[in-house]
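To keep things clear, I will list the structure first and then write my remarks on it.
Any read-out appearing in this document is the output of simple, stated calculations on the displayed coordinates, not a laboratory observation. On a predicted model such as this, the values are computed, not experimentally measured, just so you know. A quick note on method: Cβ atoms are made from the backbone with ideal geometry, for glycine too, and the neighbour counts reach across all protein chains shown.
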Amino acid sequence: MRLHCNTSTLGERMRTVIKRIAIGAGVVILVPVLWVGANLALLAATGTGAEVSAWKSEQGRAEFRHLYDETMALMPPPAQTWDVPTDFGSVRAYRFEKPGADETYRALPPIVLLPGHSAPVPMWHGNLPHYLPERPVIAIDLLGQPGLSEPTRPVTNEADQARWLDQTLAGIGVARAHLVGVSFGGWTATNYALHHPERVASLSLFDPAYVFAPVKLSFMLAAAGTMFPLMPPGYDAWFTRYTANGADTSGVPEAALIEAGIEHYSVVEPAPSQIEEAELRRLAVPTFVVLGGRSALHDASAALETVRRTMPQAEVELKPEGSHAVHGEYADELDARVLAFVAQHD
C-alpha cells in the first residue's frame, strides 16, 4: 500500500503549530515584562522622590515607630541615647550597661552592634542581655535604613559609609571598639575596618552580605519583590520567613518591625559592592565569622572557602543547619563565643 502525503497541508499545519508556539512564548515573555513595567511605573509615581532614604508616609512612619518602641521595651533601658550629627544626617545610637556598672567596666572597649538591612537596633533584643554582663554595648540604627536615624545627604560609596560611622563613634566618644554585624551590618563593619583599622579591636560577623561570597540571584530577586507595589498581601512577611529558611516568624516582634520597615520606608542608596579578596587579605583586624550553612543569602561553602583562603588567621564556624538568621538561631552559643573572642583582643 502506498501512502500519500499532502506536503502543502503538512506544511500549513507546521506553520500553524509554530505560530501558536510563538504566540504562547510571546505571552509568557510579555506578561512578566508588563507586570514589572507596571510595578516600576507605580514606584515612580508613588515614591518619595527624595535623594535620600525617607518614609513613604507619616502613617507608615507612625506604625513603624509603634513597633519600634514595643520591641525596644524588650531590651534593658539604655544608659544613654544620642542623635549624633554627621555629614550625612543624624544617627541614633544607644549605650547599654549592666546594672551597677563601675568605672573599670565602663572603660572597656565596647561592643558596637550593627543591624542588617531594614532592621534597626531592637532586632538585637535577644542578644543584648548576653553581652551586657561582660562589657558595655553601643547599638546604632544604620543611616539610610528604617530606624530613628535621619539622613540628609546621599551616601554614595564605601568611603561615605565608613565616614558617617566614624563620625558617629567619634561623636559619642568611642575611640576603639569591637564591631558585631549581621548581614548588611557585617558588610558595614568590614568596610569600616578597611577604612579605619586602628579604630577596630575586632570584628564578629554573622552571615555577612557582600563580604565572602556574592549574593545569590534568587535572594536579590526575592528582595526586589519587597519594593513592588503589586505584590500580593503578605509578601513582606513571606520574605522574612524566606530569609529564615521558612521558619514561622508570626508573633516574632523583630520580624513585624522589619516587615513594617520594608513596607513603609524607601531606601535610597547604592547596593554594597562586593568586597574584593585583595582587601580581605590586607585586613589585619582579628575576625570571627559565623556562616549559616543553609543561608538563602549566598553559597555558604564558597564563603567558608573565601575566609580560609584570604584570612587564614580568622576564626570561622559554619552552622550546617543555620539560616541567614543564624545570630538568633544560636544566640546563646554564639554570643558566648563573641564574648570570649573580644576578651582576647582588647
Check your understanding: What number goes with the only condition from (1) closer than 19 Å to His327 by Cα; (2) touching a Leu at 6+ places or on another chain (Cβ under 7 Å) that Phe184 does not pass?
Key -> (2)
Exercise for review: Could you tell me which numbered condition Tyr192 fails, if it satisfies all but one of (1) buried (at least 17 other Cβ atoms within 10 Å of the Cβ); (2) in contact (Cβ under 8 Å) with a residue 60 or more places away in the chain?
Suggested key: (2)
Point to revise | Considering residues of the range 95-119 that are crowded, with 18+ Cβ neighbours inside 10 Å and of a type in the set (Val, Ile, Thr) only, the residue farthest from Thr168 (Cα to Cα) | key: Ile111
Exercise for review: Name the helices (runs of 4 or more DSSP H) wholly inside the range 75-182 in which the number of residues that are more than 17 Å from Leu339 (Cα to Cα) is 3 or more.
Suggested key: 158-171
Review point. Do we find that Pro115 is within 19 Å of Ala201 (Cα to Cα) and either touching a helix residue (DSSP H, G or I) at 6+ places or on another chain (Cβ under 6 Å) or free of Cβ contacts under 8 Å to residues at least 12 places away in the same chain (or both) in this structure?
Key: yes
Study note, to complete from the structure: Of the residues in the range 187-216, those that are assigned to a helix (DSSP H, G or I), farther than 17 Å from Val326 by Cβ and of a type in the set (Gly, Ala, Ser) number 1
Review point. Which members of the range 318-328 meet the condition of being crowded, with 17+ Cβ neighbours inside 10 Å and without any contact (Cβ under 8 Å) to a residue 40 or more places away in the chain?
Key: Leu318, Lys319
**Study point:** Failed condition for Val290, given (1) surrounded by 15 or more Cβ atoms within 10 Å (Cβ to Cβ); (2) in contact with an Asp or Glu (Cβ under 8 Å, 6 or more places away or on another chain); (3) farther than 30 Å from Leu108 by Cα; (4) of a type outside the set (Asp, Glu)
**Key:** (3)
